[in-house]
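I have placed the structure first, in the form of structure tokens, so that the comments after it can refer back to it.
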Amino acid sequence: MTPRSRHTYTVLVIDDDPSVLATYRRLLNRAGYTTITENDPLKVLDNGYENSGPDLLLLDYRMPGMDGLSLLAELRRRECRAHCILLSAYLNDDVRSQARMLGVARILDKPVDACALREAIQTLLPLDRQTKAEIAG
């Protein structure tokens, strides 16, 4: 994931673990993405991040105060159309079904494999301006 584009995508990362946020910030910044991190899903709603137009939400499922899918449902209600990757160690069929209904593009199990995460992000937000079809084939 080397930056090759003049357009910088913005990724909003929401996770209650500060070390996870720091790791994702480093990974994304090195790859050329603008990264915003937030450790409290309620602050995401209070700060109006959906209006700042992130291109991708990197969203933990299990967090205090509000789970990731409840946050996503509220963001969708507020017309946030960003791509979303859901990350969780607590996945089951109900979570996967709800995630699909909310338009989650990818679901990754925690602990997240860095290569799988980079691939998922690059597919959704190609830095070299290739289309998804060009990447796939």
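For region 45-99, which trypsin sites (Lys or Arg not before Pro) pass both filters: DSSP loop (anything but H, G, I, E, B) and at most 16 other C-beta atoms within 10 Å?
Arg62, Arg78, Arg81
One chain, two ends: Ala114 and Thr34. Fully extended at 0.36 nm per residue, the span grows by 27.0 nm beyond their Cα-Cα distance. Based on DSSP H segments of at least four residues, each scored -39500 (n - 2.57), the chain has a per-residue ellipticity at 222 nm of -11500 deg cm²/dmol. Counting other Cβ atoms within 10 Å as a rough exposure proxy, the listed residues Cys115, Cys84 run Cys115, Cys84 from fewest neighbours to most.
Under 1.5 on a/c is rounded, so check that first for region 15-73, then, if it is not, pick prolate when a/b is larger than b/c and oblate when it is not; a ≥ b ≥ c are the square roots of the alpha carbon gyration tensor eigenvalues. Here region 15-73 falls in the oblate category. Taking Asp40, Asp17, Asp113 in turn, the Gaussian network model of the chain (Cα-Cα springs below 10 Å) assigns the largest fluctuation to Asp113. When the Gaussian network model of the chain links Cα atoms closer than 10 Å, the mean-square fluctuations of Gly65, Gly32, Gly53 top out at Gly65. Per-residue Cβ neighbour counts within 10 Å put Asp93, Asp109, Asp15 in the sequence Asp93, Asp109, Asp15, beginning with the fewest.
Neighbours of Ala82 by Cβ distance under 10 Å: Lys/Arg scored +1, Asp/Glu scored -1, total 0. Each Cα pair under 8 Å and six or more residues apart adds its sequence gap; the mean of these over the residue count of region 10-136 is a relative contact order of 21 percent. All Cα-Cα distances of region 10-136, cut into 5 Å bins from zero to the largest, leave 2, 10, 23, 26, 22, 13, 4, 1, 0 percent in each bin in turn.
Where a number appears in this text, it was derived from the coordinates with a stated rule and is not lab data. Remember, it's a predicted structure, so these values are computed and weren't measured experimentally. All Cβ positions, glycine included, derive from the backbone under ideal geometry; neighbour counts span all protein chains shown.
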